[in-house]
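The values are calculated or read from the model by the stated rules, or taken from the named source; none is laboratory data. Note that the structure is a prediction, hence the values are computed from the model and not measured. Ideal geometry is used to build each Cβ from the backbone, glycine not excepted, and the neighbour counts take in all protein chains shown. What goes into the accessible areas is simple: the full protein's heavy atoms, side chains included, and nothing from ligands, DNA or RNA. Shrake-Rupley method; radii C 1.70, N 1.55, O 1.52, S 1.80 Å.
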Amino acid sequence: MSETCSSPWLTIVGIGEDGLAGLSEASRNALERAEMVFGGERHLKLASVDSRGKPWPVPFDAACVLAHRGRPTAVLASGDPFWHGAGGSLAAQLGPDEWIAHPSPSTFSLAAARLGWPLESTVCIGLHAAPFERLVPLLGRGAHVICLVRDAKAASDLASWLTARGFGASRLRTLSALGGPRESVSESRAESYAVGDAISPLALAIEADGASGLPRASGLSDDLFQHDGQITKRPIRALALSALAPRPGERLWDIGAGSGSISIEWALTGGRAVAIEVREDRVVNIRANAEAFGLTHRITVVAGSAPAALVSLDKPDAVFIGGGLDAAMFDAVWKLATDGARLVVHGVTLETEALLSELQQRHGGELMRIDIAHAAPLGRYRSWEASRPVVQWSVVK
């Protein structure tokens with residue numbers, strides 16, 4: 001539990017490129033009262049902080065601020081401290097009566113105002129320390145995205161990344177030091193982007209054009225995944241995801257994950273997935289797919305076998321078992337899952353089909369046999385080529 005204070009000891013101040021002139025009276029008073037002022041070197045210079053100023057440690061660590069608990073302390077952050085800033089990290093470790101915040105317009109707000117883009121329909125993302133692949137689920141023709149980037153080289157690298165992925169026709173605006181005397185805005189296409197003298201804080205606004213981006217429906221093409229043939233095929237995957245019913249913020253256990261395709265599509269909806277796979281070569285594929293889709297922050301890969309690998313995991317909202325179910329594994333998963341968890345199991349063998357039939361009689365749910373055939377050449381003609389039937393059992397505990 002955090003200590004309680006009669007009045008907030010910590011003031012989190014958002015500062016813009018206009019420095020002290022742009023701060024409210026409350027923000028300036030808090031800076032004057034503070035025994036210690038933390039911030040980036042740029043922030044401290046903008047606020048003309050004297051010897052009380054202390055630059056952030058790199059990487060950022062809130063412990064230096066918390067060490068001054070109970071004493072008048074101020075923190076300087078860019079614009080809105082609660083939008084890709086230090087505010088959230090600090091507030092999570094403090095009681096509500098310990099801190100107060102005075103935000104300024106964020107770089108996102110300033111960029112949208114310069115461009116005339118409605119913020120509610122613009123994707124805003126920080127790429128200071130995140131891979132460009134985080135953009136993969138967000139890009140599509142006509143998408144408006146504002147990215148915070150570290151420096152001019154990062155902006156150039158991002159333009160090259162966009163071009164390599166088919167978005168070279170995208171219109172880019174480089175917005176530098178918005179809100180201050182050094183502000184500048186320039187425009188080009190991603191494919192012809194040239195490194196300029198843009199200075200931080202730096203934003204790159206993308207009006208995406210070129211490639212069509214990822215479909216929003218379940219059942220992505222198998223060709224988008226790195227796999228060794230062990231993959232839940234597109235139409236079967238779409239049916240599995242429909243039964244799993246992913247929702248933002250929910251957690252999936254993907255047992256025997258293979259290529260991780262179920263985990264990938266679950267995470268694309270805003271959920272988190274734990275992909276459990278015993279084979280090391282397939283673990284490599286899962287990690288590569290998570291990186292390619294920009295989802296390493298949403299997918300945890302566990303190298304191990306169920307049920308032993310499940311015991312220490314956080315409880316799931318849904319569980320997918322793509323094959324290999326036996327009575328012992330079911331009993332373990334059923335015991336570990338919380339009430340209301342959704343379980344979807346696929347089986348291709350007669351033995352698994354018999355087990356699923358028995359479990360459906362015992363626990364209810366829906367049992368479905370999926371037979372799919374694709375048109376394929378047969379001499380000079382075509383014929384239906386049947387895939388191996390899959391039995392799907394879905395149930396809510």
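Annotations for the structure displayed:
- For the chain, convex hull of alpha carbons as volume per residue, Å³: 178 Å³
- Stretchable slack from K315 to A21, in nm (0.36 nm times residue separation minus alpha-carbon distance): 100.8 nm
- The slack in the chain from V185 to K335, taken as 0.36 nm per residue of separation less the alpha-carbon distance, amounts to 48.2 nm.
- Distance between the 7 Å Cα→Cβ label points at R247 and K153: 4.6 nm.
- C-alpha center-to-center spacing [segment 115-142, segment 46-95] in angstrom: 26 Å
- Segment 279-397: C-alpha gyration tensor shape, a/c 1.5 cut-off, then a/b vs b/c: oblate
- Sites E120 and S221, calculated FRET efficiency, Cβ-Cβ separation with R0 25 Å, nearest 0.05: 0.20
- Within the straight-line cut-off of under 30 Å between alpha carbons, the lysines reachable from K54 are K45, K153, sequence neighbours fewer than 8 places apart in one chain being disregarded.
- Debye, to nearest 20: dipole size of segment 288-370, +1 on Lys, Arg Cβ, -1 on Asp, Glu Cβ: 140 debye
- By the equivalent-ellipsoid construction on the alpha carbon gyration tensor, segment 37-155 comes out with semi-axes of 30, 15, 15 Å, ordered largest to smallest.
- Residue list for segment 255-282, given a label point 7 angstrom along the Cα-to-Cβ vector of S305 and an amide N cut-off under 13 Å: 256, 277-280
- Under 27 Å from K335, Cα to Cα: lysines that are on another chain or at least 8 residues apart: K315, K397
- In degrees, nearest ten, helix 152-164 long axis to first principal axis of the chain (Cα): 30 degrees
- Accessible surface of C124 - all protein chains present, 1.4 Å probe, nearest 10 Å²: 30 Å²
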